Every structure is written in structure tokens, then in C-alpha cells.
Amino acid sequence: MTATPKPRANPALRLMLLRRIHSWLGLFIAPSVLFFAVTGAYQLYGLHESGPGYKPAPLAEKLGRVHMKQVFEAKPVRAAAPAKPEAGPAKAAPAPAKAKPTKLTVLMLRAVFLVVAIGLVISTLIGVWMALTHGRDKTLGWGLLAAGAVLPVLILAL
């Protein structure tokens, strides 16, 4: 009695299924990938925080908080602590610390990460375009893209 070989799955069909799953997942996560790439890029240079002579737009500040703390609110302003009278002799206030110059390596790393963020945005937009224009399930694709954009906003609004 000879054993009949088991039929094997068609590798081309398996690859098609993997591409379709990849497309669906990519469309769903694309809005978040774009959000984190853009907010991460401006956080590289501290554009989400106030500094001497710089006040970020309130939306930039709030989106930075979503990126770091997963809450959509401005950083709470702390009230200055009341000065306590000291019993001993008056002490001179410490001199303000001078800002350290940024090292070249830090600047280079920020530049590389900025290029990575820009590349991620471009690559994600190309992937979304490819999935929506060349995919079979355009309605499902638009639905997944919308769900990926709306779901995080709804959760933040809770």
C-alpha cells in the first residue's frame, strides 16, 4: 500500500494572503505611524516645550503630551512654592546654570532620526496610496484607514 502525498498549499496563494493581511494591518496603523513620526520629529528639537523666548502652539504641546503620556491636555502649570523664612543667615541665590553646548554627536543623531521620521512619513504615505489604489477591497481599505484614525481620537476623548 503506497501512501499518497499530502497536497501542499500553493505558495503563491499563501503569499497573496500575507500581502493582503499586511495591507490591512498597514492601513489600520498608518494614522498612528504618521502621528508618532511627525510628533517625534518635532520633539527631537524640543518644539513641544516652552523655552526662553519660545512658546509652542497649544496644539503642538498637547500632541506632544499624547505622544509621551497618552493624554490630550496641556502640561499643568505648577504654582510656585511659597518662600519659607529661614532662621539662619541669608543665603545668596545660586547662579543660574549655563546651558551646555549641544555635542556634535547629539546633533548628528537628531539629524539621522529626523531623516528617519521623514522617510517613515513618505514610506507610510506611499504604502497607503498603494493599498488604496491597487488593492482589491477598496471599501475595506478606506474603512480600516478611517478606523485607525478615529479610534485613538475617540479613546482620547473618553
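Just the residues that are loosely packed, with under 11 Cβ neighbours inside 10 Å and in a helix (DSSP H, G or I), please, taken from segment 115-138.
ILE126, TRP129, THR133, HIS134
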**OP:** Evaluate segment 1-23: report whether one residue or more is open to solvent by 90 Å² or more (accessible area, probe 1.4 Å), under 17 Å from the mean Cα position of the chain (by Cα) and modelled with pLDDT under 90.
**Re:** no
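Per-residue answers, yes or no, for (1) among the acidic types (Asp, Glu); (2) touching a Cys at 6+ places or on another chain (Cβ under 8 Å); (3) in a helix (DSSP H, G or I); (4) under 29 Å from MET108 (Cα atoms):
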site: ARG14; (1), (2), (3), (4): no, no, yes, no
site: LEU18; (1), (2), (3), (4): no, no, yes, no
site: LEU27; (1), (2), (3), (4): no, no, yes, no
site: HIS48; (1), (2), (3), (4): no, no, no, yes
site: MET68; (1), (2), (3), (4): no, no, yes, yes
Subject >> Filter pass, PRO94 being surrounded by 12 or more Cβ atoms within 10 Å (Cβ to Cβ), part of a loop (DSSP other than H, G, I, E, B) and at pLDDT below 85 >> reply: no
Original post:
Mind checking which residues of segment 19-45 are under 16 Å from VAL121 (Cα atoms) and among the polar types (S, T, N, Q)?
Top reply: SER32, THR39, GLN43
**OP:** Scan segment 139-158 residue by residue and report those that are exposed (fewer than 13 other Cβ atoms within 10 Å of the Cβ), of a type outside the set (A, V, I, L, M, F, W, C) and either modelled with pLDDT of 95 or more or closer than 23 Å to GLU73 by Cα (or both).
**Re:** none
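The values are calculated or read from the model by the stated rules, or taken from the named source; none is laboratory data. Note that the structure is predicted; figures quoted are calculated from it, not measured. All Cβ positions, glycine included, derive from the backbone under ideal geometry; neighbour counts span all protein chains shown. These area figures cover heavy atoms from the full protein model, side chains too; ligands, DNA and RNA do not enter into them. Shrake-Rupley method; radii C 1.70, N 1.55, O 1.52, S 1.80 Å.
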